[in-house]
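Notes for the one structure printed next.
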Amino acid sequence: MNAQTLFPEVQQREMSFAEAIRDAMAIALERDPTVILMGEDIGVYGGAFQVTGDLIERFGADRVIDTPISELGGAGVAVGAALTGLKPIFEFQFSDFAALAMEQIVNQAAKLRYMLGGEAAVPVVFRMPSGSGTGAAAQHSQSFEAWFGHVPGLKVVQPSTPADAKGLLLAALEDPDPVIIFEHKLLYKMKGPVPLGHYTTPIGKAAVVREGSAVTIVASAIMVHRALEAAAELAKEGIEAEVIDLRSVRPIDRATIIASVRKTGKLVCVYEGVRTLGVGAEISALIAESEAFDYLDAPIQRLGGAEAPIPYNPDLERAAVPQTPDILSVVRRLVRGEV
Amino acid sequence: MVENQKNIPFAFRHFTPEALRRALRKMHLIRLFEEGAEESYMRGLIHGTMHLSIGQEASAVASCMELTDADKITSTHRGHGHCIAKGADVGRMFAEFFGKETGYCHGRGGSMHIADVKTGNLGANGIVGGGLPIAVGAALTARRLGRDDVTVCFFGDGANNEGAFHEALNMAAIWKLPVIFVCENNRYGMSTPATYATAVKNIADRAVAYAMPGITVDGNDFSAVAEAMHTAVARARAGEGPSLIESLTYRWRGHSKSDRNRYRSKDEIEDWMSRDPIMRFRTDLIAHGVLDAAGAEAIEAEAKAAVAAGIDFARESPSPAITDVTKFVHAEAAA
Ligand SMILES: Cc1ncc(C[n+]2csc(CCOP(=O)(O)OP(=O)(O)O)c2C)c(N)n1
Ligand SMILES: [Mg+2]
């Protein structure tokens, strides 16, 4: 999403995805004394991906808190703090390590409000560097959106641009419930225009990032960029693809997806998580269950991660997740009526 | 054996000269493997990241001195040294690093997952603390199947603050399982000092909570580590239960390839580098008449040649077929 079209009157600056997240955290720390950051090596080290950077120098070790290597306990401390009046932003070094903290995220944070009959709130934000492409193999490359998206009580977002990374983080902080933000590691260095100051990007809203009439491509995180690259290529062949940046996995933006498929009659879902039982299954199902079903003139196509852990070998690693040529070939076959 | 054994350090009383020379060779192999890996990375031959154990060689090798292929180890993200100490072939290790089919994990695992289950190396681990309960499970197997093999569980100072550490030590203790927990305390978990992250002064103090012996040793002193291990392995084999050994050491390199060393001083690094555990062991070997300077040089040269040959083997090895992305996810159906 072009920030200038979103916020025409607002000043903006070119920032990397990581800088935009840091900017959001700095704004939050400045505006709200109850905001704290927690995580492993987020202090002098600046975070495993240099996202917190110099925040410890600006806000001190009382608010930028290095935890021991204790994901379950650390996440749980954040949940307890959120339950009692603080607004913690908890960074996992890699989303994979959230597996160690599933108990506190899934059994506690997600359910406390409900179990306590609405008498409690857990406004915690979990930041999770995620995805493959860095040669870090099976335990450092996973995409857990669907896992967490399966849990009522959690909200799950996946920004694809610096502007949304900032806006969604600030929205997550204002949200009264736990929010999980997946930050794709390959995006951290990507630059884009970012509005200055405080603003929020609504959770639960997808963005149409390219309009078209031939096919709808719903993509998330890094896949948005691959889908846009494919769409530019397809345009040269006279195929106008509409690209939707999903942005939010839970809640999912049914209306935007349905409206697009009604228009194009064709749907391709592109996501990095394992293909089966993933985000694409939900998108396919919501179309199959909606009025857009009648407008479909070809089978829905899902491009997702291979049914395998992420391999180390770089060629295998690339082959394990959708790449631009995969999107191109599936769309071409779809519009030619070959599927 | 020499007269007046009291003044002779344990290792030089206990091991044969041949075993000691093999130990020196392994230490050199580890150092040279790490340097070879680093250089290959700089030259763009390998991708991803890596965690080098340069400076920690004595601890790894001394910890594995009394292990056979039947004994098991579990290792960490900083595991190259443990693999070599347990007897891994550097050619297959490099091949794994280069993502090749001939690597220990057929190119699927890379640096953080090198393993050789057949020789008792249950693998490095990308998850801090991930190997601790697995080691206890391996010890349970030995007990159930009536074998006398032991499991050595390597982990870092950072890992001792994971729940897995506490749960694993407790179970090993209540069931008196043959496992030796070796905490390589290199003072930092990434950038976080152990003195900040850990409530007790010595990690070995945590043994008290799990009713097992705990000892802190100079991890750069080959003999001190070997002696502590000897006691712990004997205890484990005798069915008396687990032990916790804290081995104090230091990593010379950054945590990984992206470390800017902002959390420690150059002086500190240089101070530790001036006390090289390999040179210290070499000097001791010469002092105790196990070898002479020329003999030590020859061992180092031989290790150098092995590393060079290993890199060549890795470079020339084939990559896995792209179509095999889902191979090894499950057992293959019998043809
Ligand atoms: C569960 C988990 N949390 C965090 C990490 C990221 N990480 C990898 S190594 C490391 C530091 C480990 O420190 P230590 O146990 O002392 O081992 P050392 O690196 O010093 O050998 C961290 C935080 C991880 N791999 N797994
Ligand atoms: Mg350490």
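Can you list, largest first and rounded to whole Å, the semi-axes you get for the protein assembly as shown by taking the square root of 5 times each eigenvalue of its Cα gyration tensor? All intermediate terms of the calculation are to be shown ahead of the outcome.
Numbers: eigenvalues 471, 158, 104 Å².
Its equivalent ellipsoid spans semi-axes of 49, 28, 23 Å.
So how do A:194, A:106 line up by other beta-carbon neighbours within 10 Å, fewest first? Each step should come with its number before you reach the end.
Details: A:194 27, A:106 17.
With the fewest neighbours first, A:194, A:106 line up as A:106, A:194.
Read phi for every residue in the stretch B:196-210 and hand back ³J(HN,Hα) as whole Hz from Karplus 6.51 cos²θ - 1.76 cosθ + 1.60, θ = phi - 60°, with x for Gly and Pro.
7, 8, 10, 6, 8, 5, 10, 5, 4, 4, 5, 4, 4, 5, 10
222 nm [θ] for the protein assembly as shown, helices only, -39500 (n - 2.57) per DSSP H run of 4+, per residue, to 500? The partial results should precede the final answer.
Values: 24 runs with 255 residues, N = 674.
When only DSSP H runs of four or more count, the value is -11500 deg cm²/dmol.
Would you mind checking which residues have amide H under 5 Å from residue A:209's amide H? H placed 1.01 Å from N; only 5 or more apart, or other chain.
Distant-sequence amide H within range of residue A:209: A:243, A:244, A:245.
Quick check: from the Cα gyration tensor, does chain B come out rounded (a/c under 1.5), prolate or oblate? Could you put the intermediate results ahead of the total?
Details: a/c = 1.32, a/b = 1.10, b/c = 1.20.
Taking the square roots of the gyration eigenvalues as a ≥ b ≥ c, chain B is rounded.
Tally the DSSP beta bridges in chain B and give the antiparallel ones as a percent, rounded to 5. Display every interim value, and only then the final one.
Values: 3 of 24 bridges.
Given both bridge residues lie in chain B, the antiparallel proportion sits at roughly 10 percent.
Please compute the modelled spin-label separation between residue A:200 and residue B:208, points set 7 Å along Cα→Cβ, answer in nm with one decimal.
With each label placed 7 Å out from Cα toward Cβ, I get 5.0 nm.
Per-residue Cβ counts within 10 Å, from other chains only, averaged over A:301-308: what number is that? Before the final figure, lay out each step's value.
Working: counts 0, 0, 0, 0, 1, 3, 4, 8.
For this peptide, the per-residue mean of nearby foreign Cβ atoms is 2.
Once the Cβ-Cβ distance between residue B:39 and residue B:144 is put in as r, and R0 is 41 Å, what FRET efficiency do you end up with, to the nearest 0.05?
Step by step, r from the Cβ atoms, then E = 0.35.
Check which residues have an amide H placed less than 5 Å from residue A:93's amide H, if you skip close sequence neighbours.
Correct list: A:40.
Can you pull the semi-axes for the stretch A:82-132, root of five times each eigenvalue of the Cα gyration tensor, sorted largest first, whole Å?
Details: eigenvalues 105, 31, 10 Å².
Calculated on Cα positions only, the semi-axes equal 23, 12, 7 Å.
Using the Karplus curve 6.51 cos²θ - 1.76 cosθ + 1.60 with θ = phi - 60°, work out ³J(HN,Hα) for each residue of the stretch B:243-257 in order, rounded to whole Hz, and write x for Gly and Pro.
Working through the residues one at a time gives 9, 10, 10, 9, 10, 7, 8, 7, 9, 6, 7, x, 4, 8, 5 Hz.
Charges at C-beta only: +1 for Lys and Arg, -1 for Asp and Glu. How large is the resulting dipole of the protein assembly as shown about its Cα centre, in Debye rounded to 20?
Computed about the Cα centre, the dipole is about 400 debye.
For B:231, B:323, B:74, what ranking results if the residue with the fewest other Cβ atoms within 10 Å of its Cβ goes first?
Numbers: B:231 15, B:323 9, B:74 29.
Least crowded to most crowded, the residues run B:323, B:231, B:74.
Can you work out ³J(HN,Hα) from phi for every residue in the stretch B:229-240, in order, using Karplus 6.51 cos²θ - 1.76 cosθ + 1.60 and θ = phi - 60°, giving whole Hz and x for Gly and Pro?
Each residue's phi maps through the Karplus curve to give 5, 4, 4, 5, 5, 4, 4, 5, 5, 7, x, 8 Hz.
With contacts defined as alpha carbon pairs under 8 Å and 6 or more residues apart, what's the relative contact order of chain A in percent? List each step's numbers first, then the result.
Working: 772 pairs, mean separation 54.9, N = 339.
Worked out over chain A, it gives 16 percent.
Give me B:223, A:143 ranked fewest to most by other Cβ atoms within 10 Å of their Cβ, as a rough exposure proxy.
Values: B:223 23, A:143 29.
Ascending Cβ contact count within 10 Å gives the list B:223, A:143.
Per residue of B:99-112, count partner chain C-beta atoms within 10 Å of its C-beta, then hand back the mean as an integer.
Numbers: counts 9, 1, 1, 0, 2, 0, 5, 4, 6, 10, 7, 10, 4, 6.
Counting other chains' Cβ atoms within 10 Å and averaging over B:99-112 gives 5.
Treating only the Cβ of Lys, Arg, Asp and Glu as charged (+1, +1, -1, -1), what charge dipole size does chain B show about its Cα centre? Round to the nearest 20 debye. Show your work: numbers first, answer last.
Values: 37 positive and 41 negative charges, 108 e Å.
Taking the Cα centre of chain B as origin, the dipole is about 520 debye.
What fraction of the DSSP beta bridges in chain A is antiparallel, stated in percent and rounded to the nearest 5?
25
We did not get these values from a lab; they are worked out from the coordinates using the rules stated. In this text, all values refer to a predicted model and were calculated from it rather than measured experimentally. Cβ coordinates were reconstructed from backbone atoms using ideal geometry, including for glycine residues, and neighbour counts include every protein chain displayed.
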